[in-house]
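Report on the structure given below.
Just so it is clear, none of the values below were taken in a lab; they were calculated from the coordinates. On a predicted model such as this, the values are computed, not experimentally measured, just so you know. Positions of Cβ are backbone-derived with ideal geometry, glycine not excepted, and every protein chain shown enters the neighbour counts.
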Amino acid sequence: MKLAETELDLQRAYEHRINVCCSSGCVHFGALKVLKAFEDAIKEFVVQKECKVARTGCVGTCSVGPAVVVEPGDYLYQSITPEKAREIVRDHVVLGLPLKNLLYSNEVFFKKQRRLVLRNSGKIDPLRIEDYIAKGGYSALVKCLTKMSPQEVIDEVSVSGLRGRGGAGFQTGQKWNFVARAHGSPKYIVANLDEGDPGVFANRILAEADPHAIIEGMLVAAYAIGADKGYIYIRAEYPLAVQTLKKALEQATSLNLVGQNILETTFKFDVELRLGAGAFVAGEETAILASIEGLRAMPRPRPPYPATSGLWRKPTLIQNVETLANIPLIVLNGGEWFSRIGSPKCTGTKCFSLTGEINNPGLIEVPMGITLREVVFEIGGGVRDNRAFKAVLVGGPSGGCLPETLLDLQIDYESLTRAGAIMGSGGIVVIDDKSCMVDTAKFFIDFCVEESCGKCSPCRAGLLKVKRIFEGIMRGEGRMEDLLILEKSGVYIREASLCGLGQTAPNPVLTTLRYFRDEYASHIVDKVCPAGKCFKNEKEASRT
Amino acid sequence: MLKDDKRLSMLEEFVKEHQYQKGALLEILHKAQELYGYFDKRLLTLISEHLNFPTSRVYGVASFYNFFKLKKPGEHVVTVCMGTACYVRGVEEIMSAIEREFNLERGESTADGKLSLFVTRCIGACAMAPNIVVDEEVIGKATKEAVLERIELLLGGAKAETS
């Protein structure tokens, strides 16, 4: 594309490029002021012609924000303030002397990562479509429209082995085939960005850093399955991501990449944003449809599956945004190439929000098949303050708490499910010995009770029953029989619930019972919390 | 209050843009909250009349989603992030301290309407956990002392202004 060439020429004209991370993590801690300071500083030192300041998405090192990258050489500066910004321009840009004491010195954080989905994150200005195009953006769409038939696109995706990143891990190519062959028109695509898991922010960061990758993925999917309308369903609590996507859609429309007669072909596809409103269950694939239709986000029984009867009972492809962002790469490099990344059964990479009591929290992207130990102790740099590792929670509030003995587990859908956790939308929270596992499990049960939509009784009444038992244990009224009841109820809720929320909600309880049973026992028998977290209020109350 | 209000005509305009479609209910609720800040009975009734369905249904949808507020927020709003990372890093302790210190419960406002304490599920700044949002400002790696001091300053400042 011509635009890519002009933009590249424009970018080559600058000797330096300063990328300031302005995703919501860094913005909370003053990134916009830093951006302004850089802009002022290049004027002050009169280097506007040699140095470009760009507002970019997430670099990944969220714990040392605001983060700034100076190109060439990818010098990553940490915890930058407006004053330090001026110093960087003065010393690094003008004098050519990088400020060693401000550099992020942690090589390990990036060593085992592989950034495919986040390929442009932190490198391009998400508010400029030209930046994306200069990095080869939208060339996958061009390739599809000019050189590939829809079925060839689907076949390429099938060969890649890509599986849905929303959590369930369904084969993407197979899903596309279902929708392509389904009768009925129009067909719809829903991009799921309803990241309701507390403690998970990977999808949001993707939207803030590289919105066009999502849109291009949708366009390719639309071409492959013959859809003509798409919705991006995003949480209203993510204002920056919403604005970024809005702007991206405007730009794509003005360049005739979205709309009618795309790139002067007969292909047409419209995309609309739909705001969610803070319901965890709305991420479930049938609930998201209800929400887009303006109803309470309540799931409905399947079959019929959305592939044949989705939005307004028409065939609908629902795909997580991370899955979609992989698509342009697969089209450009081929399914073969993609299938060699990760582990054989589980190809590609996965983004995780790595948080909790860990030294290097942040947004990471790792090849599938990496072990939890590598993620926690190498990329994550181990447990904060040299405390003892207790558990790692994988998969959000309906994931599982895994103990140290399972750290050598490889990250893929099947291994995680076998261990009692789930891939979920990609949250890894490290828990140290300060936390009580009974209390942690109760925290998630409280969450799921609150978020249960109330449609089916196993989830609505069952989870409440579980919650009551926990409250009893924490008051010191627990009995050992309670543990058996918890286990039985957990299995019952898992097997009988209508949707994914209920089916996975017991996971934290079941895994803590499986791996940390002794903690439950000491709460019940000795009325003691090993972590010293529970029974505290009573103690305080009795003291006063 | 609703009749002679500029906001009302803006809302009506928005509903018209969406061609009075029932499917646009969520968008309309978002717009209404943006304009009015929260929903009271009159606002819900108004929306239901425009879209021609029972108020119960509008209330049903508005109350289903956490994002829609059905109570008037206080003058100052403290939002505590109860995401997993914040919880693991001890936000509960800060939360209870605020509740004790200012004599209000989560989800409620103080009797004088000066301060509201809300819970949010995640503001997405987990690497800086625990996070507390005081009015619009985020306090990252928050401690009990820092947060209490910040709120006291806010309330004290408000008091000074009114007196």
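Suppose the Debye formula is applied to equal point scatterers at every Cα of the stretch A:2-124; what is log10 I(q)/I(0) at q = 0.13, 0.15 Å⁻¹? Treating every Cα as an identical point scatterer, log10 I(q)/I(0) equals -0.49, -0.66. 3J(HN,Hα) along the stretch A:364-371, derived from phi through the Karplus expression 6.51 cos²θ - 1.76 cosθ + 1.60 where θ = phi - 60°, amounts to 10, 9, 10, x, 4, x, 5, 8 Hz, with x in place of Gly and Pro.
About its Cα centre, the dipole of the stretch A:455-544 is roughly 280 debye, where the only charges are +1 on Lys and Arg Cβ and -1 on Asp and Glu Cβ. Per-residue mean of foreign Cβ neighbours for A:273-282 is 4 (Cβ atoms of other chains, 10 Å radius).
If you rank B:Arg121, A:Arg128, A:Arg313, A:Arg12 by fewest surrounding Cβ atoms within 10 Å, what's the result?
On the way: B:Arg121 22, A:Arg128 17, A:Arg313 12, A:Arg12 8.
In increasing order of surrounding Cβ atoms, one gets A:Arg12, A:Arg313, A:Arg128, B:Arg121.
Rounded to the nearest 20, the size of the Cβ-charge dipole of chain A about its Cα centre is 760 debye, with Lys and Arg at +1 and Asp and Glu at -1.
Looking at the stretch A:418-485, which GluC sites (Glu not before Pro) are DSSP coil and have at most 10 other C-beta atoms within 10 Å of their C-beta? It would help to have the intermediate numbers written out before the result.
Details: sites: A:Glu450, A:Glu451, A:Glu471, A:Glu477, A:Glu481; in loops: A:Glu477.
When the GluC sites (Glu not before Pro) of the stretch A:418-485 are filtered for loop state and at most 10 Cβ neighbours within 10 Å, nothing remains.
Please report how far the C-alpha centroid of the stretch A:416-432 lies from that of the stretch A:189-215, rounded to the nearest whole angstrom. That distance is 19 Å.
Look at where the Cα atoms of the stretch B:1-41 and of the stretch A:330-399 average out, and the two centres are 43 Å apart. Legend: helices of chain A (whole DSSP H runs) are marked when their alpha-carbon atoms reach 20 angstrom or more along the helix axis and their mean Kyte-Doolittle hydropathy is at least 0.5; marked are A:211-225, A:437-451.
Return the average number of partner chain Cβ atoms within 10 angstrom of each residue Cβ along peptide A:423-430. Write down the numbers at each step before the final one.
Values: counts 0, 0, 0, 0, 5, 0, 8, 2.
Neighbouring Cβ atoms belonging to other protein chains average 2 per residue here.
Compare the peptides A:187-197, A:153-163 by average per-residue count of other Cβ atoms within 10 angstrom and give them in order, highest first. It would help to have the intermediate numbers written out before the result.
Values: A:187-197: 27.1, A:153-163: 22.7.
Order by mean packing, descending: A:187-197, A:153-163.
Starting from the Cα of A:Glu15, move 7 Å in the Cα-to-Cβ direction to define the label point; list residues of the stretch A:92-107 whose amide nitrogen is under 17 Å from there. The answer is A:92-99. Compactness of the stretch B:76-162, taken as the C-alpha radius of gyration over 2.2 N^0.38 Å, stands at 1.02.
What is the dipole size for the stretch B:76-162, taken about its Cα centre, with +1 at each Lys and Arg Cβ and -1 at each Asp and Glu Cβ, in debye to the nearest 20? Intermediate results must be reported in sequence, preceding the final value.
Values: 9 positive and 14 negative charges, 56 e Å.
That gives the stretch B:76-162 a dipole magnitude of about 260 debye.
Shown for the stretch A:393-544: lysine pairs separated by 8 or more places, or found on different chains, whose C-alpha atoms are under 26 Å apart, numbering 29. Here's how it looks for A:Ala54: its modeled amide H is under 5 Å from those of A:Ile18, A:Asn19, A:Val20, which are all 5 or more places away or on a different chain.
Can you classify chain A as rounded, prolate or oblate using the Cα gyration tensor, where a ≥ b ≥ c are the square roots of its eigenvalues, rounded means a/c under 1.5, and otherwise it's prolate if a/b beats b/c and oblate if not? Before the final figure, lay out the partial values.
Numbers: a/c = 2.09, a/b = 1.25, b/c = 1.68.
Oblate is the answer for chain A, as a/c is 1.5 or above yet b/c matches or exceeds a/b.
Once you have a ≥ b ≥ c as the square roots of the Cα gyration tensor eigenvalues for the stretch A:136-339, tell me rounded if a/c is under 1.5, and otherwise prolate or oblate according to whether a/b is larger than b/c. Rounded is the answer for the stretch A:136-339, as its axis ratio a/c remains below 1.5. In straight-distance terms, cross-link reach from A:Lys175 covers every one of the lysines whose alpha-carbon lies under 26 Å from its own, apart from those fewer than eight places away in the same chain; here that gives A:Lys143, A:Lys147, A:Lys187, A:Lys229, A:Lys268, A:Lys314, A:Lys345, A:Lys350. Remark on A:Leu317: its backbone amide H falls under 5 Å from those of A:Tyr188, A:Ile189, A:Val190, a criterion applied only to residues 5 or more positions apart or on other chains, H modelled at 1.01 Å from N. Note on A:Lys100: lysines with a C-alpha under 23 Å away, same-chain residues under 8 apart excluded, are A:Lys33, A:Lys36, A:Lys52, A:Lys84, A:Lys111, A:Lys123. With Cα atoms defining each centre, the stretch A:9-28 and the stretch A:447-504 are spaced 48 Å apart in the structure. Using C-alpha pairs under 8 Å with a sequence gap of at least 6, the mean separation divided by the residue count of chain A gives a relative contact order of 13 percent. Taking amide H atoms as placed 1.01 Å from N in the peptide plane, the amide H of B:Val119 lies under 5 Å from those of B:Val80, B:Gly107, each 5 or more residues away in sequence or on another chain. The residue among A:Ile379, A:Cys351, A:Ser398 whose Cα reaches farthest toward the positive pole of the charge dipole of the stretch A:346-432, with charges on the beta-carbon of Lys, Arg, Asp and Glu, is A:Ser398.
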